[in-house]
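Structure, as structure tokens:
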Amino acid sequence: MSRLTLFTFQILVAVITLVLWYLLTSVPVSGGKPLFPPFFFSNPVDVIERIIKWFADGTIWRHLWITLSEATLAFVIGAVGGILVGFWFARQPRVAAVFDPYVKMINALPRIVLAPIFTLWFGLGIWSKVALGVTLVFFIVFFNVYQGIKEVSPTVLANARMLGMNERQLMRHVYWPSALSWVFSSLHTSVGFAVVGAVVGEYLGSAAGLDYLILQAEGTFDIAGVFAGMFVLAAFVIVIDGVVTLVERRLLVWRPTAADTRT
Amino acid sequence: MADEVAEAEAAARANVAPAVVLSDVTIAFHLVGGSTYTAVEQASLTVADGEFVSIVGPTGCGKSTLLNVAAGLLAPSAGTAEIFGKPLAGLNRQSGYLFQAEALFPWKTAIDNVAIALETGGVGRQEAHARAQEWLTRVGLGAFGGRYPHMLSGGQRKRVGLAQVLIRDPKILLMDEPFGPLDAQTRQIMGNLLLDLWNADRKAVMFVTHDLEEAIALSDRVVIMSAGPAARIIGDWRVPLSRPRDISEVRLEKAFHELHREICHVLKDEVLKGYAQTGGG
Ligand SMILES: Nc1ncnc2c1ncn2[C@@H]1O[C@H](COP(=O)(O)OP(=O)(O)O)[C@@H](O)[C@H]1O
Ligand SMILES: [Mg+2]
């Protein structure tokens, strides 16, 4: 399939869905009512109008910005922490062995149960959401760094030593690139989790953010608002994922199949 | 005065000392179950400075293991390794090692892979790159410096590996089946390239191969190992062929054939034994 036909079909799916949605929620059938009551399903025209209104009057920007900052902060803090601890554990097997059961325990904990505690500790502002995101991102990055260092080919390592690398040079030219490649190949997952942390955190209690918008609409049975919020959120995630793909392509040029090996 | 004499004597000794002396080297591996597997038993081998020695043996007999001992990557369970007259402790800093498996840094381009071999020793980035470019040209890859290893063919990767090792100008060159995975044509080209480079500046070479013809064509001496476990060195032949050689022409000489037949005879029994013991693995 050529790019153009593929794109055409993709657009077609969206158009058909929207048209079906519209017909099912606005064309009256038996008893003068549509098959899907608009009260529960809204309808595409209202939703699009709502989205346009949000962007036109500018209310959406603040919420987008809040969610984006929460996700970004969660990602950066979680990634830096994961890299540091990952390196430390991988280079100090004894430390890793001591902490191993606790790492597994914390990682096995469904992070959602931490949300109320974080709200208690950090309040309703962005930091409780950041904290939730950090607990998710940290472990993904940590496991990948750890694995990346452990899985360095023994031959490459022996070669590096035969070429006269000292410990510092090994870090910089062997362990670090290997660990980083693992981190980058899990970038989609970790960035996704940063967003999940922010969104779930907002859903459980917040004063601003994309999910706060959805939550508010829900509270007033404003279904158009809920759907509009969902679409904006989905578009937001797709844009972020696109950015990640670009970054990944630039940084993993040395990998034979960067696109196929990501998890 | 006495110091000077002692120094001169030490220098003289260093000059005559062979590049590598392995004496009664035994290597045993501890296996998971608690048992041990003796890969090589009481192997003794001397490689003079500037001498090209090939080590031939059935697969799994312990050729790589023996090279690892000479490189200082593996301490022998018994016996000693001496490099230029000094007992080897830790890595063998005077050697360059071309590994059997892929050993290039996959995240570095070809030229960076070669340049890093100098940069580790404190050579500045610019100079290292200039010299790496020279070496890439010398191995016929002048235009391929910007490629990552996965964008190169197997033979090209081996050539980058060769440049990476030789740029450090090691006194001893350890090569583990460097042309193993290559096709016959490429092997010959690589063999001649290696001989050219070696002729320019004769280093001591330990060259591991399972290809007897290649071993005879390249070397001054051919050493044969028996099948494992407890592989030993069972034969040591001097190659009566003149240098410089072209490895495809040298195969037509009578002396080549005679030596080949002689060694083959010994080797065949060992290969059969090896198959029986390792299941052909
Ligand atoms: N780390 C190890 N642990 C246990 N056995 C090993 C190890 N390395 C090599 N061996 C065994 O030692 C023998 C010699 O291996 P090697 O030197 O790689 O053979 P080759 O002659 O093919 O290079 C083989 O039987 C192999 O299974
Ligand atoms: Mg081997």
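Tell me, what is the percent relative contact order of segment B:142-210, built from C-alpha pairs under 8 Å that lie six or more residues apart?
Relative contact order of segment B:142-210: 42 percent.
For segment A:1-41, what are Rg and Dmax over the alpha carbons, in angstrom?
Final numbers for Rg and Dmax: 14.6, 47 Å.
How big is the Cα convex hull of segment B:124-281 in projection, averaged over all directions, in nm²?
Average projection, Cα convex hull of segment B:124-281: 11.1 nm².
Based on the Kirkwood radius over alpha-carbon pairs, what value in µm²/s does the Stokes-Einstein equation return for the translational diffusion coefficient of the protein assembly as shown at 10 °C and 1.306 mPa s?
56
Using the Cα centre of the protein assembly as shown as the reference point, and only Cβ charges (+1 on K/R, -1 on D/E), how large is the resulting charge dipole? Debye, rounded to the nearest 20.
700
What is the dipole size for segment B:82-192, taken about its Cα centre, with +1 at each Lys and Arg Cβ and -1 at each Asp and Glu Cβ, in debye to the nearest 20?
Using Cβ point charges on Lys, Arg, Asp and Glu, segment B:82-192 gives about 120 debye.
Given contacts defined as C-alpha pairs under 8 Å and at least six residues apart, what's the relative contact order of chain A, whole-number percent?
24
Computed over the Cα atoms, what is the radius of gyration of segment B:38-98 divided by 2.2 N^0.38 Å, N being its residue count?
1.10
In Å, what Kirkwood hydrodynamic radius results for segment B:41-162 from the alpha-carbon pair distances?
16.5
Using 0.36 nm per residue of separation minus the Cα-Cα distance, give me the extension gain between A:Leu6 and A:Tyr22 in nm, one decimal.
Length difference between fully extended and current span is 3.3 nm.
Could you work out the mean projected area of the convex hull around the alpha carbons of segment A:156-231, in square nanometres to one decimal?
The orientation-averaged projected area of the Cα hull of segment A:156-231 comes to 7.3 nm².
Suppose the Debye formula is applied to equal point scatterers at every Cα of segment B:102-169; what is log10 I(q)/I(0) at q = 0.16, 0.19 Å⁻¹?
With no solvent term, the Cα-only Debye profile gives -0.41, -0.59.
If I take every Cα pair under 8 Å that is 6 or more residues apart in chain B, average their sequence separation and divide by the length, what percent do I get for the relative contact order?
24
So what's the projected area for chain B, the Cα convex hull averaged over all directions, in nm²?
Dividing the Cα hull surface by four gives the mean projection, 17.5 nm².
Explain nothing, just compute: Karplus ³J(HN,Hα) = 6.51 cos²θ - 1.76 cosθ + 1.60, θ = phi - 60°, for every residue of segment A:78-90 in order, whole Hz, x for Gly and Pro.
Working through the residues one at a time gives x, 5, 4, x, x, 5, 4, 5, x, 4, 4, 5, 5 Hz.
Suppose only helical runs count, i.e. DSSP H with n ≥ 4. What mean residue ellipticity at 222 nm does that imply for chain B under -39500 (n - 2.57) per run, divided by all residues and rounded to the nearest 500 deg cm²/dmol?
Result for chain B: -12500 deg cm²/dmol, rounded to the nearest 500.
Radius of gyration and Dmax for segment A:43-251's Cα atoms, expressed in Å?
For segment A:43-251, the Cα-based Rg and Dmax read 20.6, 69 Å.
Eigenvalues of the Cα gyration tensor times 5, then square-rooted: what semi-axes does that give for segment A:1-121, in whole angstrom, largest first?
47, 21, 18
Separation of segment B:77-95 and segment A:106-149 by C-alpha centroid, Å?
Centre-to-centre (Cα) distance: 51 Å.
Starting from the Cα-Cα distance between A:Gln169 and A:Ile238, subtract it from 0.36 nm times their residue separation and give me the gain in nm to one decimal.
That works out to 21.0 nm of additional length.
Rule-based calculations on the coordinates, nothing more; no lab input. Note that the coordinates shown come from a computational prediction; the quantities given were computed from them, not determined experimentally. Note that we place each Cβ from the backbone using ideal geometry, even for glycine, and neighbour counts take in every protein chain shown.
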